[in-house]
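Read through the structure below, which is laid out as structure tokens, and then see the notes.
The values are calculated or read from the model by the stated rules, or taken from the named source; none is laboratory data. Owing to the predicted nature of the structure, the values given are computational and were not obtained by experimental measurement. Don't worry about glycine lacking a Cβ; one is built from the backbone with ideal geometry, like all the others, and counts go over all protein chains shown. Just so you know, the surface numbers come from the protein's heavy atoms only, side chains and all, with ligands and any DNA or RNA stripped out. Shrake-Rupley method; radii C 1.70, N 1.55, O 1.52, S 1.80 Å.
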Amino acid sequence: NNDDLEGADGNCRQAYVGMDEFASGYELGVRMIEAFDLKEGDMVFNPREIPEASFAVARGGGIEKAMSEKGIKVETVRAGLDPAEAQNIIAQFLIANPDVKALFGTGSVTSTVGAGAIRDAGVDIPFGGFDLAVEIVNAVESGAMFATMDQQPYLQGYYPIAQIALAAKYGLTPTDIDTGQGAFLDQSRISAVKELIGTYR
């Protein structure tokens, strides 16, 4: 569910079914700039579980593009995949850099622990991220997290099988499907998915 960074030119896939991760990172960045009046000269923090992984490069790249258009600096570190360690790394960075104006999670780990890291650091900054988990939904619902970008993994499992079946039966050509389009979930939309976590969402 993560495309090659070069898209169809980078591998031999027939189609990609998943979030346009760069576009989603850019959308999240733009929305947070507008919602929290981030401006030129500000610094934001975007920790990444595995900085060289394609999802982190793409999502983080979209965030960086949105920030660079406004002259906002983006700092990043390797947070790792262990939630407790990632929360500590994020909190320590925020303590050491009190001028950070916003936090961006890049994947499910940093997005799950971001609100806790902000609390641990004793700061009050906006936070946005990616994916869905009970902790993420609760954070958005409570206002501790501004929003999350949902890649809709149910669709990522369903559509490829449907396309394979249609290709085998009718010779229909598989096509790219952006499962993250319009999947911005803030406090006004998050309750619709809460009961579906772990099943269809």
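Points worth noting:
- Compared with the alpha-carbon gap, the fully stretched path from Leu196 to Arg78 is longer by 39.4 nm at 0.36 nm per residue.
- The range 104-167 - percent of accessible surface contributed by carbon and sulfur, probe 1.4 Å: 59 percent
- Each residue, Ser68 and Ile161, gets one label point 7 Å from its Cα in the Cβ direction; the gap between the two is 4.0 nm.
- Over the chain: helical MRE at 222 nm, DSSP H runs n ≥ 4 each giving -39500 (n - 2.57), nearest 500: -14000 deg cm²/dmol
- Above 29 Å, the calculated P(r) of the chain contains 23 percent of its Cα-Cα pairs.
- Sequence-distant contacts, meaning Cα pairs under 8 Å at least 6 residues apart, place the relative contact order of the chain at 23 percent.
- Multiplying the residue separation of Ser54 and Lys39 by 0.36 nm and subtracting their alpha-carbon distance yields 2.6 nm.
- Cα gyration tensor shape for the range 76-148, rounded if a/c is under 1.5, else prolate or oblate: oblate
- Glu135 sits with roughly 100 Å² accessible to a 1.4 Å probe, with DNA, RNA and ligands left out of the calculation.
- At a probe radius of 1.4 angstrom, the accessible area of the chain per residue rounds to 49 square angstrom.
- Where the Cα pairs of the range 37-89 fall when distances are cut into 5 Å bins, in %: 5, 21, 26, 21, 16, 10, 3
- Fully extending the segment from Ala144 to Cys12, taken as 0.36 nm per residue of separation minus the present Cα-Cα distance, adds 43.4 nm.
- Label zone at Asp99, where the point sits 7 Å out along the Cα-to-Cβ direction: the range 70-92 residues whose backbone N lies under 16 Å: 71-76
- Remark on the range 1-57: ratio of C-alpha radius of gyration to 2.2 N^0.38 Å is 1.41.
- Of the Cα atoms belonging to the range 123-186, the radius of gyration and Dmax stand at 16.6, 57 Å.
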